[in-house]
1. Among the residues of segment 278-301, which ones are closer than 22 Å to T323 by Cβ and either charged (D, E, K, R) or surrounded by 23 or more Cβ atoms within 10 Å (Cβ to Cβ) (or both)?
2. List pairs: first residue in segment 251-262 and on the phi > 0 side of the Ramachandran plot, second residue surrounded by fewer than 21 Cβ atoms within 10 Å (Cβ to Cβ) anywhere in the structure, Cβ distance under 8 angstrom, at least six positions apart or on different chains.
3. Determine whether segment 154-174 contains at least one residue that is surrounded by 18 or more Cβ atoms within 10 Å (Cβ to Cβ), under 15 Å from the mean Cα position of the chain (by Cα) and within 13 Å of I300 (Cβ to Cβ).
4. Being outside any strand (DSSP E or B), modelled with pLDDT of 90 or more and either assigned by TED's automatic domain parsing to the domain that holds D311 or of a type in the set (G, A, S) (or both) narrows it down to one of D244, D168, so name that one.
5. If you go through segment 78-88 one residue at a time, do you hit one that is part of a loop (DSSP other than H, G, I, E, B) and free of Cβ contacts under 8 Å to residues at least 24 places away in the same chain?
6. Being closer than 20 Å to A108 by Cα and buried (at least 20 other Cβ atoms within 10 Å of the Cβ) is the filter here, so list the residues in segment 260-277 that pass it.
7. Quick one: which of A154, A104, A126 is in a strand (DSSP E or B), closer than 21 Å to V20 by Cα and in the same structural domain as A15 (by TED's automatic domain parsing)?
8. Of these, A266, A229, which one is assigned to a loop (DSSP other than H, G, I, E, B), among the aliphatic types (A, V, I, L, M) and over 16 Å from the mean Cα position of the chain (by Cα)?
Amino acid sequence: MSRIPLVLLTGFLGAGKTTVLNGLLTTPEFSDTAVVINEAGEVGLDHLLMEQGPAEPVVMLEAGCLCCRAKGALAPALANLLRRARQGHLPPFERVVVETSGLADPAAVLEGLIADVAFNRHFAFAGIVTVVDVRAAAATLKQHAEARMQVALADRLLLAKTDLVAADEIATARQALSALNPHAAQQVVRPGQASMAAFWPDSLDLPRASTTAMIPSAEPTAFATASLAFSGAIAPDALEAWLDHTITLFGPLLLRMKALLDVAGASRPTVLHVVQGLLHQPLDLKAWPSGDRQNRIVLIGRDVEQQMLADALARLAAVARRTAMFRTGVN
């Protein structure tokens, strides 16, 4: 049974999350999407509510999408949506977007989901999309730790309200975002021009070359990131041992791990996500991107030395080399 991909949509107060979501939900591509808004979310979907669910606040939007406002933990709301769809009480859905509060810590939201057994069984975490108001980006990132966390953990950054600022201001915002998260793709979104390609993060959007970076911060909380690309299949038991060691070493200070790995014995690439020390159920993609079987991995830590993250990646690359030596009989 294939798992349903889920994207977390975040962004600071007033960034424009709901505007982006409204635009997406008018497109045919998103007609089979379920939207879950957490209880503190900025509810403002413009679509006409066509049908009220009998058991909880689940509504059918005019575009054919489902919308649910979760009253508390997200995992039970997702499980209930899935159960009602399978019972025929709601239309089936192919993907889920969870819109968070503007003050939400995305790592904490994901931690609650990934710790849930049923979520891991039925849903596949597909990434974090963060909407950024380019007009206020510099001040917001400087003043609010929540905004920095939302950007630092993103897989894709959507630049909103670019039509309201000059080109040099957009360039300045891009630089600030890249300094905080060098691995997230940046995409300009304009009213009425939202699309699946602009919004939905590509699980393969990982660095293809060795690179490391330290994220500067004058705040008590500092982020560090390290990434690596390397060749060679990794033995499953050796990968498990590396994961156990790395997650134990960093614990919740390992805010994100995202990896595309060549696991020995598997014909398809394996995607791994770790959030605050919790490992999400691995996902096998259908194919390698462009036939490239390179392992690609990013680590994002909080209040840890960047060199420690780089050393952890070097140990994983060494695991791949040992696997290759064992398979070829080299001592």
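The values are calculated or read from the model by the stated rules, or taken from the named source; none is laboratory data. Treat the numbers as computed from the prediction; the structure is a model and nothing was measured. Glycine gets a Cβ as well: all are built from the backbone with ideal geometry, and neighbour counts include every protein chain shown.
1. Those that are closer than 22 Å to T323 by Cβ and either charged (D, E, K, R) or surrounded by 23 or more Cβ atoms within 10 Å (Cβ to Cβ) (or both): D284, D292, R293, N295, R296, V298, L299.
2. Note: pairs meeting the criteria are G251/G277.
3. Checking segment 154-174: at least one residue is surrounded by 18 or more Cβ atoms within 10 Å (Cβ to Cβ), under 15 Å from the mean Cα position of the chain (by Cα) and within 13 Å of I300 (Cβ to Cβ).
4. Working: D168 fails: either assigned by TED's automatic domain parsing to the domain that holds D311 or of a type in the set (G, A, S) (or both).
Testing whether each residue is outside any strand (DSSP E or B), modelled with pLDDT of 90 or more and either assigned by TED's automatic domain parsing to the domain that holds D311 or of a type in the set (G, A, S) (or both) leaves just D244.
5. yes
6. Going residue by residue through segment 260-277, those that are closer than 20 Å to A108 by Cα are 272-277.
Answer for segment 260-277, where residues must be closer than 20 Å to A108 by Cα and buried (at least 20 other Cβ atoms within 10 Å of the Cβ): H273, V274, V275, Q276.
7. Numbers: A154 fails: in a strand (DSSP E or B); A104 fails: in a strand (DSSP E or B).
Within the list A154, A104, A126, the selection yields A126.
8. Working: A229 fails: assigned to a loop (DSSP other than H, G, I, E, B).
Within the list A266, A229, the selection yields A266.
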